[in-house]
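A short write-up of the structure that comes next.
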Amino acid sequence: MITKDREKPLRLLAHEAAMRRVPKTHPKHPQLEQEFYRLHYGYKGEQAMDYYSSFLPHEDYKVLHGLRIPDTKGRHFQMDSLLISPTHCLILDSKYVSGKIEFDEDTGSLIRHNEAGQERLGDPFAQLARHKIQLSSIIKDLKLPRLPIYTQIVITHKNATLLKKSPIILKNVVFHTNLPTRIKEIDNTQTHTYFSNKDANKLVKTLLKIHQDENFNLMNYYGLSSSSFIRGVICPICSHAPMQKSYQKWLCLKCGHSEKELLQQTIKDYPLLGFGNKITNREFREFICLHSSHIAYRELLSLNIPHQGNKKARIYFIE
Ligand SMILES: [Zn+2]
């Protein structure tokens, strides 16, 4: 049973907005693009893993995707997926990496071999070992029975080849297509039931309560100024901006495309880029490239979003 669905992370949504709104000529664009692809493929890998982790040996599993929680000392950590059964927990860590990859047992690092040489891609073993300790301390704090916690690195790229398959690696690393078999193997070795349904529910309830989405401000993170961004409604056909409001529609002066409902989507970019979720009529006009404050007022009303204050001091809140 899925108890927490995976949602697209804010950091990825912000980078998607940056790909729409930071001009290709901007000096930070290459860095933004590189990070966008890293996040995009990371998420794609997690989604691929979700499909295979849905093949469970029995109904008593609770599945939580994309948990980001503080441990008992307040340090936040993120688990790609957590499976809770009455007999054990299983933490899954997705690695969307292509090519010839190797896990260095001595250093715990993930290494990719390519023509240029070696590329180190973090230390997933050490990270999972930490997560295991952190989760176990949360369980202990809740005075729940201490149950075994397993971890698995899941390779989610179909063009990945694993080099140097030692017994330890084979036990801890699995290709996503083999994940159902691995989950079953781990399940089969369990001989003791630790968690009642009530215990499992208590843990799930706590984890959901302490889960916190990551705060991320793109503009601050990259040191971008508010003038770095492409403004206005962007044409969904040819990417020209700004589109102009003409009668009831948004019109592209470059390709002639016109469309009605584009503002709802456009305004979401404002908080995603790091401007914050409050906007005044004046800021809205600047962002959407409208001259008339009256038209801006009408457009803001059409968005049907919460607001506070009156006349010029009115502030609108974007979700
Ligand atoms: Zn166009």
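The values are calculated or read from the model by the stated rules, or taken from the named source; none is laboratory data. Predicted model, so just to flag it, every value in this text is computed and none were measured. As a convention, Cβ positions derive from the backbone with ideal geometry for all residues, glycine included, and neighbour counts pool all protein chains shown. Keep in mind that these areas ignore ligands, DNA and RNA; they rest on the heavy atoms of the full protein, side chains included. Shrake-Rupley method; radii C 1.70, N 1.55, O 1.52, S 1.80 Å.
The set of residues in the stretch 239-250 being surrounded by fewer than 17 Cβ atoms within 10 Å (Cβ to Cβ) and closer than 20 Å to Arg298 by Cα consists of Gln244, Ser246, Tyr247, Gln248, Lys249.
Taking the numbered list (1) in a strand (DSSP E or B); (2) open to solvent by 30 Å² or more (accessible area, probe 1.4 Å); (3) more than 23 Å from Lys158 (Cα to Cα) in turn, Lys100 passes all entries but (3).
The residues of the stretch 221-248 that are at positive phi and under 24 Å from the mean Cα position of the chain (by Cα) amount to a single one, Gly223. Restricting the stretch 275-293 to residues that are touching a residue at least 24 places away in the same chain (Cβ under 8 Å) and buried (at least 18 other Cβ atoms within 10 Å of the Cβ) leaves a set whose member that is nearest to the ligand (Cβ to nearest atom) is Ile288. In the stretch 264-280, which residue that is modelled with pLDDT of 95 or more and touching a Leu at 6+ places or on another chain (Cβ under 7 Å) is farthest from Ile234 (Cα to Cα)? Out of the qualifying residues, it is Gly274. Within the option set Lys245, Lys198, Lys268, being out of contact with any strand residue (DSSP E or B) (no Cβ under 6 Å at 6 or more places or on another chain) and closer than 30 Å to Lys95 by Cα holds for one residue only, Lys268. What about Leu224, is it part of a loop (DSSP other than H, G, I, E, B), under 30 Å from Glu35 (Cβ atoms) and touching a residue at least 40 places away in the same chain (Cβ under 8 Å)? When the stated conditions are applied, Leu224 passes them. The residue list Leu272, Leu218 contains one member that is within 24 Å of the chain's Cα centre (by Cα), away from the ligand (no atom under 16 Å from the Cβ) and open to solvent by less than 20 Å² (accessible area, probe 1.4 Å), which is Leu218.
Identify all residues within the stretch 243-260 that are part of a loop (DSSP other than H, G, I, E, B) and within 16 Å of the ligand (Cβ to nearest atom); write none if there are none. First the steps, then the outcome.
So the first thing to find is which residues in the stretch 243-260 are part of a loop (DSSP other than H, G, I, E, B), and the list is 243, 247-248, 252-257, 260.
Met243, Cys252, Leu253, Lys254, Cys255, Gly256, His257, Lys260, listed by residue number.
Evaluate the following for Pro30: is it more than 30 Å from Ala17 (Cα to Cα) and over 20 Å from the mean Cα position of the chain (by Cα)? Outline the logic, then answer.
Values: more than 30 Å from Ala17 (Cα to Cα): no; over 20 Å from the mean Cα position of the chain (by Cα): yes.
When the stated conditions are applied, Pro30 does not pass them.
Those residues that are surrounded by fewer than 20 Cβ atoms within 10 Å (Cβ to Cβ) and either outside the structural domain of Lys158 (by TED's automatic domain parsing) or among the hydrophobic types (A, V, I, L, M, F, W, C) (or both), I need them from the stretch 49-62; list them, please. Steps first, answer last, please.
Initially, the stretch 49-62 is screened for residues surrounded by fewer than 20 Cβ atoms within 10 Å (Cβ to Cβ), giving 51, 54-60.
Phe55, Leu56, listed by residue number.
Out of all the residues in the stretch 4-40, which are touching a His at 6+ places or on another chain (Cβ under 8 Å) and open to solvent by 60 Å² or more (accessible area, probe 1.4 Å)? Passing the criteria: Asp5, His40.
Selection over the stretch 221-238 of residues that are within 16 Å of the ligand (Cβ to nearest atom), open to solvent by less than 60 Å² (accessible area, probe 1.4 Å) and hydrophobic (A, V, I, L, M, F, W, C) gives a count of 5.
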